[in-house]
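Below: the structure, in structure tokens.
What follows draws every value from the coordinates through simple rules; no lab data is involved. Because the structure is a prediction, the values reported are computed rather than measured. Counting neighbours? That spans all protein chains shown, and the Cβs are built from the backbone with ideal geometry, glycine included.
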Amino acid sequence: MFVFFLVIALWVSIGDRPAVGQMALRWLYGFLLLGPVLCAWFVVVGIGSMCARRWARSIILAWSWVELVAGLADLTSFLDTFDEVPIGHIPKGAALLMKIFMIIIFMAFVYFYGSEDVRQTCESRDTVARWTDKCPIPVLVILVASANKLFGVLVSLIVALPKFYFGHALGPVPGAVAAAFVCSICVYVAWGAYRLRKSAWWCGVILALILFFSEAVTYARGATFADYYEVFAASYPGDPLMEKIPLGTPAASLSLCLVYFVWFGYLVYARKYFANRLARQSS
């Protein structure tokens, strides 16, 4: 599949292809860059799960919780804008069923990998100490969520997705700077969370508050994709994909505001794991 899309990318890049816009090419190149990462992730974790590895169970459980919460938020946001004109040709009903189906899958993952029987099975079949043993599952959720946010920001940076901060649409250069800032914080939070560093916890809390207030201000301001169109239209003149952007679609949703608020509350809950590390070091 990777070779197939690579051939398509080369074909549309050579010569004058007016039907293919620059934004569509960026989407294609984004898949070529990040698609192999996703493929490797699923292959490695899938093999680890089939081999009943303890690290695979811990990662899948933490990842499933993150994706379940994100999926519920995405479903709520989708229902809020259900009457808006969607991008592309996927029927609204089919898109809704896909989102519900993914939520059901992650609910099943949480139930299965979180069960005591699965935990005991993995521990009995995999007696070697693994790197995830040093990191409690609630802290591993922070690591996975930070990596998930990092991946999402990288995707938005590569494919030029709308980036709104505090009610304003950012252009290519300011958007790249903001994305680099968020990425650097996410990398440090993920790295520091595994080591139970209190500074990483504080960075996660501050980033959660910044994203919450940014989303809340954008939502209160009533920003729409029309603001994004005004910023990026000059960069992609006459781009076919730009013409398909539903300008009335809100740039922020109340559900995403709640997600960042819940994430802040979860970090407050997980603080005890970082405090325990300090207590163990002092004892």
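In this structure, the residue pairs whose Cα-Cα separation is over 26 Å, taken from LYS99/LYS149; LYS149/LYS198; LYS99/LYS198; LYS99/LYS163; LYS163/LYS272; LYS163/LYS198, are LYS99/LYS198; LYS163/LYS272; LYS163/LYS198.
Projecting label points 7 angstrom from Cα along Cα→Cβ for VAL43 and LEU75 puts them 3.2 nm apart. Let's test the formula: R0 of 45 Å, r as the Cβ-Cβ distance of ILE210 and GLU116. What FRET efficiency results, to the nearest 0.05? Efficiency at R0 = 45 Å is approximately 0.75. Here the calculated FRET efficiency for CYS183 and CYS51, from their Cβ-Cβ distance with R0 = 30 Å, stands at 0.40, rounded to the nearest 0.05.
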